[in-house]
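Read the structure below first, then the notes.
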Amino acid sequence: MNLILLGPPGSGKGTQAKRIEQIYGAAQLATGDMLRAEIASGSALGQRVKGIMAAGGLVSDDIIIALIRGRIGGSAGADGFILDGFPRTVAQAEALDRMLAGNHAALDAVIELEVDEAALIDRLSGRFSCQNCGASYHQRTHPTRVEGVCDDCGSTELICRPDDRPEAVRTRFEVYHGQTAPILPFYRRQGILQSVDGMADIDEVTRQIRALLDRIHTAS
Ligand code: AP5
């Protein structure tokens, strides 16, 4: 199963991608996580993108396309992939189509998480995540079971992202509307765009995505 999860910052792409990965075995490919790993490792690429990400801007298409090409061509796995945070521009979407055609592969679905922007500000301002395994939490709506300890891996390295500061969040929303939302008609024309209610609680959003994917699976 090859899938894209699409939606504005904080819409729940990462949360749902991890759940879908566990249910269907498809590999989560999250460009934001890949870039944050580059920053944490101190690599030259990490140094180049650190300031751009902290300010909420987009990393250049060339860098991102090279990053994702290696994963899709290589370790995506027999059960496919879930793209989380890619594509983010029409140029990236077009490059993805070319990569898939070159691998004799195709997308099964592009799922848009529909959300209310005011609620997203609340989600991002309360978000923290595990530096070790990437699990994502929220101080009020999705805390860890034991305070200060990751539910998934037991790490105590829980951090807030620099781009969750209010100024950076504003820029990320502007970028989403200006550069990422134009991808929606691109996939609507291909007949593979589906939407789910991203305002529902986390379990309900997973249930909606599963219902969609099971329908697609049954039809194919
Ligand atoms: P990236 O890491 O992809 O960030 P993003 O798209 O802004 O999305 P987020 O990770 O903030 O949110 P999410 O939708 O995954 O929501 P989450 O599940 O965490 O990218 C970061 C940066 O990297 C970009 O700004 C850019 O600089 C660069 N970059 C990455 N990809 C790029 C590309 N392709 N091209 C160029 N640059 C790129 O949930 C958020 C919070 O809400 C959590 O606390 C969670 O617990 C909670 N939550 C989730 N779902 C629900 C729910 N249903 N109800 C209540 N709370 C919920």
- line: Considering the range 67-87, residues that are at pLDDT 95 or above and more than 8 Å from the ligand (Cβ to nearest atom), and then whichever is farthest from residue 2 (Cα to Cα), we arrive at 83
Strands (runs of 3 or more DSSP E) contained in the range 105-156 and holding at least 3 residues in contact (Cβ under 8 Å) with a residue 60 or more places away in the chain: 109-114
Residue list for the range 1-47, restricted to those being among the hydroxyl-bearing types (Ser, Thr, Tyr) and buried (at least 19 other Cβ atoms within 10 Å of the Cβ): 11, 15, 31
- request: Say whether the condition of being over 30 Å from residue 140 (Cβ atoms), out of contact with any strand residue (DSSP E or B) (no Cβ under 6 Å at 6 or more places or on another chain) and within 11 Å of the ligand (Cβ to nearest atom) is met by at least one residue in the range 35-50.
  value: yes
- prompt: What single numbered condition from (1) surrounded by 12 or more Cβ atoms within 10 Å (Cβ to Cβ); (2) on the phi > 0 side of the Ramachandran plot; (3) without any contact (Cβ under 8 Å) to a residue 40 or more places away in the chain fails to hold for residue 191?
  reply: (1)
field: Residues being surrounded by 14 or more Cβ atoms within 10 Å (Cβ to Cβ) and more than 14 Å from the chain's Cα centre (by Cα) - total across the range 130-141
entry: 6
task: Name every residue in the range 122-139 that is more than 9 Å from the ligand (Cβ to nearest atom) and farther than 25 Å from residue 82 by Cα, in order of residue number.
output: 125
task: Would you point out which residue out of 122, 108, 151 is under 27 Å from residue 215 (Cβ atoms) and among the acidic types (Asp, Glu)?
output: 108
- request: State which residue is farthest from residue 127 (Cα to Cα) when the search covers only the range 157-172 and only residues that are assigned to a helix (DSSP H, G or I) and near the ligand (Cβ under 9 Å from one of its atoms).
  value: 171
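Name the residue, out of 145, 189, 172, that is of a type in the set (D, E, K, R) and touching a Pro at 6+ places or on another chain (Cβ under 7 Å).
On the way: 145 fails: touching a Pro at 6+ places or on another chain (Cβ under 7 Å); 189 fails: touching a Pro at 6+ places or on another chain (Cβ under 7 Å).
Result: 172 is the single residue among 145, 189, 172 that is of a type in the set (D, E, K, R) and touching a Pro at 6+ places or on another chain (Cβ under 7 Å).
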- line: Inside the range 114-153, the number of residues satisfying the requirement of being under 20 Å from residue 198 (Cα atoms) and either in contact with a Ser or Thr (Cβ under 7 Å, 6 or more places away or on another chain) or not aliphatic (A, V, I, L, M) (or both) is 21
message: If I filter the range 167-177 for residues that are under 15 Å from residue 112 (Cβ atoms) and at pLDDT 95 or above, do I get at least one hit?
response: yes
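The values are calculated or read from the model by the stated rules, or taken from the named source; none is laboratory data. Since the structure is predicted, the reported quantities are computational estimates derived from the model, not experimental observations. Because the Cβ atoms are built from the backbone with ideal geometry, glycine has one as well, and the counts that use them run over all protein chains shown.
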